[in-house]
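The values are calculated or read from the model by the stated rules, or taken from the named source; none is laboratory data. This one's a predicted model, so the numbers in the text were calculated from it and none came from an experiment. Positions of Cβ are backbone-derived with ideal geometry, glycine not excepted, and every protein chain shown enters the neighbour counts. The accessibility values were calculated without ligands, DNA or RNA, using every heavy atom of the protein model including side chains. Shrake-Rupley method; radii C 1.70, N 1.55, O 1.52, S 1.80 Å.
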Amino acid sequence: MVILMSLTISKAQKLAFKTFEEINRRIKTARGKEWNPFVIVTDILEEAGEVASVVKGLEGYKPPEKAKTKEMLTSELSDLLYSVFLLAGYYRINLEDAFIQTIRNYRRRFLHEDK
Ligand SMILES: [Mg+2]
């Protein structure tokens, strides 16, 4: 497996989904079940919860013995992104164009730019 040093959103999505398909084949063989969109959605929610937990710790709302780090947040955000890419990949959605449109929408809405 070649891991690219620099990724576009499209390439990152493809890499994530290809990895997912390989993992899913093994899971199906071992457990007789495949990851489906409902499981991927629960993964997104689970990872979002892990992001929330780390931020809670970073902001001092967790016991100090359960210290959270910026590296942990980085890892959890990446996990979340992976799951989002899988759901998009499942439905053959390319997020690159949609993401550009999202930025345009935010700029229009909050910065009052025309396009
Ligand atoms: Mg995680």
The distance between the Cα centres of the range 3-34 and the range 74-100, in whole Å, is 12 Å
Quick calc: nm separation of the 7 Å Cα→Cβ label points for E22 and V55 -> 3.2 nm
Per-residue ellipticity at 222 nm attributable to helices in the chain (runs of n ≥ 4 DSSP H, -39500 (n - 2.57) apiece, nearest 500 deg cm²/dmol) works out to -25000 deg cm²/dmol
Checking rank on 24-30, 80-86, 50-56, with mean other Cβ inside 10 Å and highest first, the result is 80-86, 50-56, 24-30
Once the in-chain neighbours fewer than 8 apart are removed, the lysines whose Cα is under 16 Å from K68 read K56
Relative contact order in percent for the chain (Cα pairs under 8 Å, 6+ apart) equals 33 percent
Rounded to the nearest 0.05, FRET efficiency between R31 and R104 (Cβ-Cβ, R0 41 Å) equals 0.45
The chain accessible area per residue, 1.4 Å probe, protein heavy atoms, integer Å², reads 78 Å²
Set K33/K70; K11/K33; K18/K70; K11/K70, cut-off 32 Å on Cα-Cα distance; pairs above it are K33/K70
With a 1.4 angstrom probe the carbon and sulfur portion of accessible area for the chain, in percent, totals 59 percent
Relative to the compact-globule estimate 2.2 N^0.38 Å (N residues), the Cα gyration radius of the range 9-111 stands at a ratio of 1.29
